[in-house]
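Written below as C-alpha cells is the structure these notes are about.
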Amino acid sequence: MAKELEGEWKGDYEMLGYTVMCRSSLRNHSDGAMADFVIVGRKHNVLPVDLVTQEGDLVTVDSHEMGFSFEGRLRNGKLTGAIRQAAMETPLVLARAK
C-alpha cells in the first residue's frame, strides 16, 4: 500500500434513514496491507477485515465474513468510493481523521 494511504480515515453515510459513521485505519505490515474498519450506527461494529488491496489509486477493504467491502479512489486527499453489503451499495467519502 502506498505510504500516503497509511493512517486514520473517517466518514459517514446514510443507510436506511440512519447516519452511519465509519472509521478505518490503513497500515502496512510485514505480511502485507492491513486495516481496521469500524462502523458506528445503532451499534458499534468492528468488522473482521481479511483483505486489503491497492491497484493504482483504487483501494479495496474486504470483510468476507460480514459480506462487506469498501472500494475507494484517492482523490484530492480523500478516499472517494462506496460501501457494498449484500445487495446494498451506498457512497462513502473517507477523509483523514484529525
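Of the residues making up region 75-98, those that are exposed (fewer than 11 other Cβ atoms within 10 Å of the Cβ) and charged (D, E, K, R) number 1. For region 63-74, a residue qualifies if it is among the aliphatic types (A, V, I, L, M) and surrounded by 18 or more Cβ atoms within 10 Å (Cβ to Cβ), and exactly one does: Leu74. Restricting attention to region 10-29, the residues that are open to solvent by less than 60 Å² (accessible area, probe 1.4 Å), of a type outside the set (A, V, I, L, M) and without any contact (Cβ under 8 Å) to a residue 24 or more places away in the chain add up to 1. Within region 30-62, restricting attention to residues that are hydroxyl-bearing (Ser, Thr, Tyr) and at pLDDT below 95, which residue is least open to solvent (accessible area, probe 1.4 Å)? Checking each candidate, the answer is Thr53.
Is there any pair with a first residue in region 76-98 that is closer than 15 Å to Asp12 by Cβ and a second that is basic (Lys, Arg) and in a strand (DSSP E or B) whose Cβ atoms are under 6 Å apart and which are 6 or more apart or on different chains, and what are they? Qualifying pairs under 6 Å: Thr80/Arg73; Val93/Lys78; Ala95/Lys78; Ala97/Lys10.
The values are calculated or read from the model by the stated rules, or taken from the named source; none is laboratory data. A quick note: this is a predicted structure, and the numbers were derived from the prediction, not measured. With ideal geometry, Cβ positions are generated from the backbone for all residues, glycine too; neighbour counts draw on all protein chains shown. All accessible areas refer to the heavy atoms of the entire protein, side chains included, with ligands and DNA or RNA removed. Shrake-Rupley method; radii C 1.70, N 1.55, O 1.52, S 1.80 Å.
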